[in-house]
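*Asks:* Got a structure for you, questions after.
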Amino acid sequence: MEYLPDVPFAVDERQTLLALLDLQRSAVTSICAGCSDDDLRARLVLSPTSILGIVKHLAYAERWWFQDNFAGRDVGYPWTDTDPDAEFRISPDESTRAVLDFYAAECRTSRDIVAAADLDDRAARRAELSLRWIVGRMIWETARHAGQADILREQLDGVTGLGHTHPPTL
């Protein structure tokens, strides 16, 4: 089994938080590795959730927290009041590569926004939120969905542990 890299121990808070977020982002994409397009689109639970749908949702979560809330940018979303879960669905014309590329692009944009700011900076649209809080929220959001995707992957082909790191060496 291939393990994801450890988060470094002897770094400052910013580096720790960003390494934890990148670790979870890597966990999500590693869960997709080796799956067919059909497997990534498979709905194994009652909701519209699939592994690829989780990736698409996380792309929009990156957009929501970093671009919209923190940076104050006007960006688009697929959901509506009548279809609040639209970002979890993969349409037939969306390729797996396009969804994975979209997620990678949203993560790069988030990293750029974070690189230009201080953890104590306040969100443009929600001044009660600091960048520190938003990064923490995205660690939670991404880890939560990585766990869900890990379970879906196990249901598909029995593969487990792709979203995990090896035990740290102290």
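*Asks:* Restricting to the stretch 47-70, name every residue that is under 22 Å from Leu129 (Cα atoms), open to solvent by less than 40 Å² (accessible area, probe 1.4 Å) and among the hydrophobic types (A, V, I, L, M, F, W, C).
*Replies:* If the condition is that a residue be under 22 Å from Leu129 (Cα atoms), open to solvent by less than 40 Å² (accessible area, probe 1.4 Å) and among the hydrophobic types (A, V, I, L, M, F, W, C), then Leu58, Ala59, Ala61, Trp65, Phe66, Phe70 are the ones that fit.
*Asks:* Suppose we filter the stretch 56-88 for residues that are within 18 Å of Arg137 (Cβ to Cβ) and either under 19 Å from the mean Cα position of the chain (by Cα) or in a helix (DSSP H, G or I) (or both); how many remain?
*Replies:* 18
*Asks:* Does Arg73 qualify as being among the basic types (Lys, Arg) and either touching a residue at least 40 places away in the same chain (Cβ under 8 Å) or closer than 14 Å to Cys107 by Cβ (or both)?
*Replies:* So Arg73 does not fit the description; no.
*Asks:* Sticking with this one: Among the residues of the stretch 6-16, is any crowded, with 17+ Cβ neighbours inside 10 Å, in a helix (DSSP H, G or I) and out of contact with any Pro (no Cβ under 6 Å at 6 or more places or on another chain)?
*Replies:* Of the stretch 6-16, the ones crowded, with 17+ Cβ neighbours inside 10 Å are 7.
Filter once more, so that each one left must be in a helix (DSSP H, G or I): none.
No, that holds for no residue.
*Asks:* Take the residues in the stretch 17-41 that are touching a Gly at 6+ places or on another chain (Cβ under 8 Å), under 19 Å from Arg108 (Cβ atoms) and among the aliphatic types (A, V, I, L, M), then tell me which one is most open to solvent (accessible area, probe 1.4 Å).
*Replies:* If we take residues in the stretch 17-41 being touching a Gly at 6+ places or on another chain (Cβ under 8 Å), under 19 Å from Arg108 (Cβ atoms) and among the aliphatic types (A, V, I, L, M), then Leu17 is most open to solvent (accessible area, probe 1.4 Å).
*Asks:* Sticking with this one: When the residues of the stretch 123-133 are filtered to those that are out of contact with any helix residue (DSSP H, G or I) (no Cβ under 8 Å at 6 or more places or on another chain) and open to solvent by 40 Å² or more (accessible area, probe 1.4 Å), which remaining residue is nearest to Ile51 (Cα to Cα)?
*Replies:* Looking only at the stretch 123-133, we keep the residues that are out of contact with any helix residue (DSSP H, G or I) (no Cβ under 8 Å at 6 or more places or on another chain), and these are 127-128, 130, 133.
Next, from what is left, pick out any that are open to solvent by 40 Å² or more (accessible area, probe 1.4 Å): 127-128, 133.
Values: Ala127: 33, Glu128: 33, Trp133: 26 Å.
This residue is Trp133.
*Asks:* State yes or no: is Leu44 closer than 26 Å to Glu154 by Cα, open to solvent by 30 Å² or more (accessible area, probe 1.4 Å), of a type in the set (A, V, I, L, M) and part of a loop (DSSP other than H, G, I, E, B)? Before you say what the answer is, go through the steps one by one.
*Replies:* Details: closer than 26 Å to Glu154 by Cα: yes; open to solvent by 30 Å² or more (accessible area, probe 1.4 Å): yes; of a type in the set (A, V, I, L, M): yes; part of a loop (DSSP other than H, G, I, E, B): yes.
Yes.
*Asks:* If you go through the stretch 27-51 one residue at a time, how many are closer than 28 Å to Pro84 by Cβ, without any contact (Cβ under 8 Å) to a residue 24 or more places away in the chain and not charged (D, E, K, R)?
*Replies:* 1
*Asks:* Here is a follow-up. Can you name every residue in the stretch 104-117 that is open to solvent by less than 80 Å² (accessible area, probe 1.4 Å) and outside any helix (DSSP H, G or I)?
*Replies:* Ala117
*Asks:* Have a look at Gly147, Gly136 and point out the one that is open to solvent by 20 Å² or more (accessible area, probe 1.4 Å), modelled with pLDDT under 95 and assigned to a helix (DSSP H, G or I).
*Replies:* When all the criteria are applied, what remains is Gly147.
*Asks:* Another one. So, Asp101, is that one under 18 Å from the mean Cα position of the chain (by Cα), of a type in the set (Asp, Glu) and open to solvent by 50 Å² or more (accessible area, probe 1.4 Å) or not?
*Replies:* yes
The values are calculated or read from the model by the stated rules, or taken from the named source; none is laboratory data. Since the structure is predicted, the reported quantities are computational estimates derived from the model, not experimental observations. Here the Cβ is made from the backbone with ideal geometry for all residues, glycine too, and neighbour counts use every protein chain on show. SASA here: full protein model, heavy atoms, side chains in, ligands and nucleic acids out. Shrake-Rupley method; radii C 1.70, N 1.55, O 1.52, S 1.80 Å.
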